[in-house]
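**Q** Pasting a structure here, questions to come.
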Amino acid sequence: MAFKNEGDQKAYWKDNLSLLFTLLIVWFVVSFGAGIIFVDLLNQVQFFGFKLGFWFAQQGSIYVFVGLIFFYVKKMNDLDKKYGVDEE
């Protein structure tokens with residue numbers, strides 16, 4: 001990667017880390033929060049015949065994690081283009 005100047009490099013990494021921490025918080029809330037902390041509240045709702053808290057603990061957090069991967073790839077490609085360090 002070749003940045004035009006040091007300011008672009010710092011801004012790129014600031015945006016990169018901001019995105020990363022945001023996605024980690026979403027992942028934590030879904031996997032830990034929905035699967036463990038709020039499980040009793042969520043289990044009052046049925047989803048495809050399963051209690052919602054159980055579903056998040058077993059399947060939902062995995063689906064969200066895979067979705068976050070695709071979201072991260074898209075946002076990083078956009079970020080690379082914004083700072084001119086994308087693969088051409």
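**Q** In the chain, which longest range has no chymotrypsin sites (Phe, Trp or Tyr not before Pro) that are both DSSP loop (not H, G, I, E or B) and surrounded by at most 16 other Cβ atoms within 10 Å?
**A** Values: sites that count: 3, 38, 48.
The longest such stretch corresponds to 49-88.
**Q** Please report the carbon-and-sulfur percent of the accessible area for the chain; probe 1.4 Å, protein heavy atoms only, DNA, RNA and ligands left out.
**A** Working: 4350 of 6610 Å².
Of the solvent-accessible surface of the chain, carbon and sulfur hold 66 percent.
**Q** Any chance you could get the radius of gyration and Dmax over the Cα atoms of the chain, in Å?
**A** Over the chain's Cα set, Rg and Dmax evaluate to 17.9, 56 Å.
**Q** So, one more: With a point put 7 Å past each Cα toward its Cβ, work out how far residue 45 is from residue 80 in nm, to one decimal.
**A** Roughly 3.6 nm, to one decimal.
**Q** Another question, if that's okay. Using the basic label-point model (7 angstrom from Cα toward the beta carbon), what is the residue 63 to residue 27 distance in nanometres?
**A** Label at residue 63, label at residue 27, 1.9 nm between them.
**Q** Nearest 500 deg cm²/dmol is fine: what mean residue ellipticity at 222 nm does the chain get from its DSSP H runs of n ≥ 4 alone, each adding -39,500 (n - 2.57), divided by its residue count?
**A** Values: 4 runs with 54 residues, N = 88.
Theoretical 222 nm ellipticity from helices: -19500 deg cm²/dmol.
**Q** Leaving out ligands and nucleic acids, and using a 1.4 Å probe, what accessible area per residue does the chain come to in Å²? If you can, show how the numbers build up before the last one.
**A** Numbers: 6610 Å² over 88 residues.
Ligands and nucleic acids excluded, the result is 75 Å² per residue.
The values are calculated or read from the model by the stated rules, or taken from the named source; none is laboratory data. A quick note: this is a predicted structure, and the numbers were derived from the prediction, not measured. Please note: Cβ atoms are built from the backbone with ideal geometry, for glycine as well, and neighbour counts cover all protein chains shown. Note: areas computed on protein heavy atoms with side chains; ligands, DNA, RNA excluded. Shrake-Rupley method; radii C 1.70, N 1.55, O 1.52, S 1.80 Å.
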